[in-house]
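The values are calculated or read from the model by the stated rules, or taken from the named source; none is laboratory data. Remember, it's a predicted structure, so these values are computed and weren't measured experimentally. Don't worry about glycine lacking a Cβ; one is built from the backbone with ideal geometry, like all the others, and counts go over all protein chains shown. Just so you know, the surface numbers come from the protein's heavy atoms only, side chains and all, with ligands and any DNA or RNA stripped out. Shrake-Rupley method; radii C 1.70, N 1.55, O 1.52, S 1.80 Å.
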2 protein chains.
Amino acid sequence: MPEFRAVVHVMVRRAILDPQGRAVHATLERLGHDNVVDLRVGKRIELTLHGERPDVEAQLAHLASTILSNPVMEDATIELHEVAADHT
Amino acid sequence: MPEFRAVVHVMVRRAILDPQGRAVHATLERLGHDNVVDLRVGKRIELTLHGERPDVEAQLAHLASTILSNPVMEDATIELHEVAADHT
């Protein structure tokens, strides 16, 4: 079965406060990095999984919007690359 | 001064246990997603900053390996895109 590498990027929505990003941004400002005008912290989730492409795409879309992110507060985007095909 | 968007991707090194990734992976397995063979969770940090490209590149390289990651345990990679130039 083909093997895929996927990356799910999860960021808090623009309209919602990102306390972790604020904290890091404030630290940078305190250290003199005042040319940084915005900073947000999100998650990068790397998965390796097996399956046929349409199944994997559907599975990832489901996971990204349920378990891997909170769709009320976060946006998730998916990158998918096939790394090996094994059609024996 | 030109404006840049940068993304710093921070992942725990392969050799080091990723407890958050393990927890999410175990949850997926429990829910029947047994085609997922690996899962790791890292950070995606998005920055907007002003400056000349060489300065911004040097600043980001410094920040990525000091404040934004722990270089003993984590690897950081940097993406940089210029979004607007204002040479008045």
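When the accessible area of each residue in the range B:46-75 is compared between its chain alone and the complete protein assembly (1.4 Å probe; ligands, DNA and RNA ignored), which residues differ by at least 50 Å², being lower in the assembly?
Checking the loss per residue gives B:GLU46, B:THR48, B:HIS50, B:GLN59, B:ILE67.
Using helices alone, I'd like the mean residue ellipticity at 222 nm for the protein assembly as shown: each DSSP H run of four-plus residues gives -39500 (n - 2.57), total over residue count, nearest 500.
-8500 deg cm²/dmol
Ordered shortest first, which distances in nm separate the 7 Å Cα→C-beta label point of B:ALA61 from those of the other copies?
Sorted ascending, the copy-to-copy spacings read 4.2 nm.
Could you give the size of the charge dipole of the range A:3-84 about its Cα centre, using +1 on the Cβ of each K and R and -1 on the Cβ of each D and E, expressed in debye and rounded to the nearest 20?
Computed charge dipole of the range A:3-84: roughly 380 debye.
Whole-Hz Karplus ³J(HN,Hα) for the range B:68-77, in order, using 6.51 cos²θ - 1.76 cosθ + 1.60 and θ = phi - 60°, x for Gly and Pro?
8, 9, 9, x, 5, 10, 10, 10, 10, 10
How many Cβ atoms of partner chains, on average, are near each residue of B:30-39 if near means within 10 Å of its Cβ?
Other-chain Cβ atoms within 10 Å of each residue's Cβ, averaged: 5.
Need the full-extension length gain, A:SER65 to A:VAL37, defined as separation in residues times 0.36 nm minus the C-alpha distance. One decimal, nm.
Computed gain between A:SER65 and A:VAL37 is 7.1 nm.
Note down the magnitude of the dipole of the range B:1-48 about its Cα centre, charges +1 on Lys and Arg C-beta and -1 on Asp and Glu C-beta and zero elsewhere, to the nearest 20 debye.
Dipole size: approximately 140 debye.
How big is the charge dipole of the protein assembly as shown about its Cα centre, in debye rounded to the nearest 20, if each Lys and Arg gets +1 on its Cβ and each Asp and Glu gets -1 on its Cβ?
My answer is approximately 580 debye.
Test of understanding: express the Cα radius of gyration of the protein assembly as shown as a ratio to 2.2 N^0.38 Å, with N the residue count.
1.15
Provide, in order from the shortest bin, the percent of all Cα-Cα pairs of chain A in each 10 Å bin, continuing until the bin that contains the maximum pair distance.
P(r) over chain A, rounded to whole percents: 16, 35, 24, 17, 7, 1.
How much area per residue is accessible in chain A when the probe is 1.4 Å and only protein heavy atoms are counted (Å²)?
About 56 Å² of surface per residue is accessible.
Identify, for chain B, the residue whose C-beta comes nearest the rotation axis onto chain A, and round that distance to whole Å.
Nearest-to-axis residue on chain B, with distance in whole Å, is B:ARG44, 2.
Going toward the positive end of the dipole of the range A:20-88, with +1 on Lys and Arg Cβ and -1 on Asp and Glu Cβ, which of A:VAL37, A:ALA26, A:HIS50 do you reach last?
Projecting each Cα onto the dipole axis, the largest value belongs to A:ALA26.
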